[in-house]
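Each remark here refers to the structure printed beneath this line.
The values are calculated or read from the model by the stated rules, or taken from the named source; none is laboratory data. Treat the numbers as computed from the prediction; the structure is a model and nothing was measured. Ligands, DNA and RNA are stripped out before the accessible areas are found, and what is left, the full protein with its side chains, is counted by its heavy atoms. Shrake-Rupley method; radii C 1.70, N 1.55, O 1.52, S 1.80 Å.
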Amino acid sequence: MINKDMTIMEIIQKYPEAIPVLQDYNLGCLGCIAASGETIEQGLNAHGINVAEAVAKMNQALKSK
């Protein structure tokens, strides 16, 4: 399960099903240098995206697989 304290890279590596959700938000996290050290909360906040909503969508994507 994905939570707001996980790094972006950790999510991408452990849960590739979450990548389309990140792409839906037009986030270029896959190639971002901050992805390895920045939490998903920090990254989403930097882009003005609702963290709880995005994390819920990523977790829903995991359940859908």
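Side notes on the structure shown:
- Degrees, to the nearest 10: 51-64 long Cα axis against longest axis of the chain: 40
- Exposure rank, largest accessible area first [Met1, Met6; 1.4 Å]: Met1, Met6
- Mean sequence separation of contacting Cα pairs (under 8 Å, at least six apart), scaled by the length of the chain, corresponds to a relative contact order of 48 percent.
- The mean accessible area for residues of the chain, using a 1.4 Å probe and ignoring ligands and nucleic acids, is 60 Å² per residue.
- For the pair region 2-28 and region 31-64, the centres of their Cα atoms are 6 angstrom apart.
- The chain - percent of accessible surface contributed by carbon and sulfur, probe 1.4 Å: 51
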